[in-house]
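*Asks:* Before I ask anything, here is the structure I am working with.
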Amino acid sequence: MLKKTLFTLQLLLTLLMCAFLLVPVGMSILAGLSVNYFRGPSAGLTFKWVIQVWQDYHDAILNSLYVGAATLVVVTLLGVPAGYVLARWRSRMARWIEELLTLPIALPGLASALALISVYGGMRSFRESLAFIVVGHVIFTLPFMVRAVAAACADSRIKLMEEGAASLGAGFLRRFATVVLPNIRSEIVAAALIVVTLSLGEFNLTWMLHTPDTKTLPVGLADAYASLRLEIGSAYTAVFFVLIVPLLVVMQMTAQRAKVSNGKASTRGRA
């Protein structure tokens with residue numbers, strides 16, 4: 001009885017927390033679909049503001065998708081090998097490198113952006129391109145991929161399978177491609193989910209790095225709320241959720257499937 005009561009209280013607390021976070025978002029989206037925010041839904045619903053947001057900010061939306069995709073590709077290509085090396089390289093230097101990689105998370109985004117501008121701001125073509133924002137996002141999100149991969153590769157089970165493959169004559173590249181990567185793919189997908197989420201929602205760093213031609217979703221959202229009527233800013237929020245939620249759901253399902261697949265493979269291996 002006590003256990004059931006505690007579970008019920010925990011469930012209610014969780015639902016209250018979800019409501020506390022989601023109700024304001026839902027109200028904002030509703031405002032973006034209302035003819036007049038101050039009159040509320042009674043004034044009627046319309047997609048006029050959403051259409052206007054797409055017409056005025058479609059470049060920022062496409063820029064954000066490009067930056068998020070490019071950031072994910074670069075972070076995966078750099079973070080997976082780096083995480084593996086740090087897991088296998090047992091030395092004080094490896095620990096120092098790992099700590100240095102996490103510095104961008106501790107520093108304010110504005111400070112990191114200012115550092116990039118001071119060093120690379122003189123390269124005009126680079127400074128005015130989306131690649132400049134991608135570099136900033138890679139620096140900010142790389143630690144999440146490295147830490148996730150390093151923790152997964154430190155699993156003794158993977159070490160044993162690597163040793164078994166090596167004893168059968170498999171070289172390093174073959175072991176890495178056929179043993180390590182398949183067994184840590186759920187962790188890679190989970191880290192990728194974090195990387196994409198952070199990249200699409202990053203504002204502080206992007207606000208300092210962007211130019212009028214390289215605005216992204218969060219920067220455009222801030223501009224919409226600051227300079228236009230509230231309905232347009234709210235409609236921008238609705239567009240943001242329409243883009244990000246399906247992507248997160250797909251990636252979450254992919255991570256869950258990879259986790260289940262890894263669990264089945266582990267069970268067969270023990271058998």
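The values are calculated or read from the model by the stated rules, or taken from the named source; none is laboratory data. Quick caveat, the model's predicted, so the values are computed rather than measured. Here the Cβ is made from the backbone with ideal geometry for all residues, glycine too, and neighbour counts use every protein chain on show. Quick note on the areas: whole protein, heavy atoms, side chains included, nothing else; ligands and nucleic acids left out. Shrake-Rupley method; radii C 1.70, N 1.55, O 1.52, S 1.80 Å.
*Asks:* Per residue of the chain, what 222 nm ellipticity follows from adding -39500 (n - 2.57) for every DSSP H run with n ≥ 4, rounded to the nearest 500?
*Replies:* Details: 13 runs with 221 residues, N = 271.
Per the formula, -27500 deg cm²/dmol.
*Asks:* Using unit Cβ charges (K, R positive; D, E negative) and no other charged atoms, how large, in debye to the nearest 20, is the dipole of the chain about its Cα centre?
*Replies:* 1200 debye
*Asks:* Which distance in nm do the two modelled labels at Leu100 and Val250 give, with both placed 7 Å along the Cα-to-Cβ direction?
*Replies:* In this crude spin-label approximation the distance works out to 3.7 nm.
*Asks:* Same structure again: Give me the distance between the Cα centres of the range 56-130 and the range 165-222, rounded to whole Å.
*Replies:* The range 56-130 and the range 165-222 have Cα centres spaced 10 Å from each other.
*Asks:* Still on this structure: Need the full-extension length gain, Ala170 to Gln10, defined as separation in residues times 0.36 nm minus the C-alpha distance. One decimal, nm. Walk me through the intermediate numbers first.
*Replies:* Working: separation 160, 0.36 × 160 = 57.60 nm, distance 4.98 nm.
Here the segment from Ala170 to Gln10 would lengthen by 52.6 nm.
*Asks:* Can you pull the accessible area of Lys159 for me, 1.4 Å probe, Å² to the nearest 10?
*Replies:* 70 Å²
*Asks:* Take every Cα-Cα pair in the range 1-131 and report what % of them are more than 19 Å apart. Present the calculation step by step, with values, prior to reporting the outcome.
*Replies:* Values: 6518 of 8515 pairs.
Counting every Cα pair in the range 1-131, those more than 19 Å apart make up 77 percent.
*Asks:* Helix by helix, which DSSP H runs in the chain go 24 Å or more along their axis at the Cα atoms and have an average Kyte-Doolittle hydropathy of 1.0 or more?
*Replies:* Counting only whole DSSP H runs, the qualifying helices are 2-32, 130-153, 181-201.
*Asks:* Can you tell which of Glu98, Glu163, Glu231 shows the greatest fluctuation in a Gaussian network model of the chain with Cα springs below 10 Å?
*Replies:* Ranking Glu98, Glu163, Glu231 by mean-square fluctuation puts Glu163 first.
*Asks:* Contact order normalised by length for the chain, with contacts defined as Cα pairs under 8 Å and 6 or more residues apart; what percent is it?
*Replies:* 30 percent
*Asks:* Here is a further query. Which one, Ser129, Ala106, Met145, projects farthest toward the positive side of the charge dipole computed for the range 89-170 from Cβ point charges (K/R +1, D/E -1)?
*Replies:* Highest projection toward the positive end goes to Ala106.
*Asks:* So, one more: Working out 0.36 nm times the residue gap between Ala154 and Thr46, then minus their Cα-Cα distance, what length gain in nm do you get to one decimal? Provide the component values of the computation, followed by the final result.
*Replies:* Numbers: separation 108, 0.36 × 108 = 38.88 nm, distance 5.33 nm.
The Ala154-Thr46 span can extend by a further 33.6 nm.
*Asks:* Sequence-distant or interchain residues sharing an amide H contact under 5 Å with Ser34, placed H: which?
*Replies:* Thr46
*Asks:* Moving on to the next point. Hey, in the GNM for the chain with a 10 angstrom Cα cutoff, which one of Leu16, Leu30, Leu200 fluctuates hardest?
*Replies:* Per the Cα network of the chain with a 10 Å cutoff, Leu16 tops the list.
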